[in-house]
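The structure appears below as structure tokens.
The values are calculated or read from the model by the stated rules, or taken from the named source; none is laboratory data. All values derive from a computational prediction rather than experimental measurement. Cβ placement follows ideal geometry from the backbone for every residue including glycine, while neighbour counts extend to all protein chains displayed.
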Amino acid sequence: MGGAANIAAKKQPIRRCIGCNEHFTKSELIRVVRSPEGEISLDATGKKSGRGAYVCKSVSCLKKARKAKRLESALECVIPETVYSRMEEELAVGK
């Protein structure tokens with residue numbers, strides 16, 4: 001009984017993009033996190049501590065989330081325009 005054939009593949013957690021509202025595996029999304037100190041940043045590893053929200057790896061989804069203020073709602077804070085600009089630049093460079 002304890003052979004390799006009995007080991008199931010690890011189940012990937014599913015998360016929803018706040019830009020397009022599509023569901024993806026956690027590894028396909030980028031986490032936007034508000035640290036306990038209040039700093040907003042992109043978390044490609046998904047392991048930073050703090051409150052997080054997920055967005056597709058595209059600038060268009062971040063822009064949709066920005067327009068509808070979904071990040072502010074999800075992270076429960078006001079996000080300055082400079083932070084949005086920096087995140088858009090990081091996503092564009094990451095492609």
Checklist entry - So which of SER73, SER58 ends up being hydroxyl-bearing (Ser, Thr, Tyr) and under 14 Å from LEU91 (Cα atoms)? => result SER58
Checklist outcome for this item: Heads up, the strands (runs of 3 or more DSSP E) in segment 17-84 (entirely inside) with at least 1 residues that are at pLDDT below 90 and of a type in the set (S, T, N, Q) are 40-43
Next on the checklist: Please go through segment 71-87 and give me each residue that is surrounded by fewer than 16 Cβ atoms within 10 Å (Cβ to Cβ) and under 17 Å from SER58 (Cβ atoms), ordered by number.
Outcome noted: SER85, ARG86
Checklist entry - Hey, any hits in segment 43-52 for a residue that's under 20 Å from CYS20 (Cα atoms) and touching a residue at least 40 places away in the same chain (Cβ under 8 Å)? => result yes
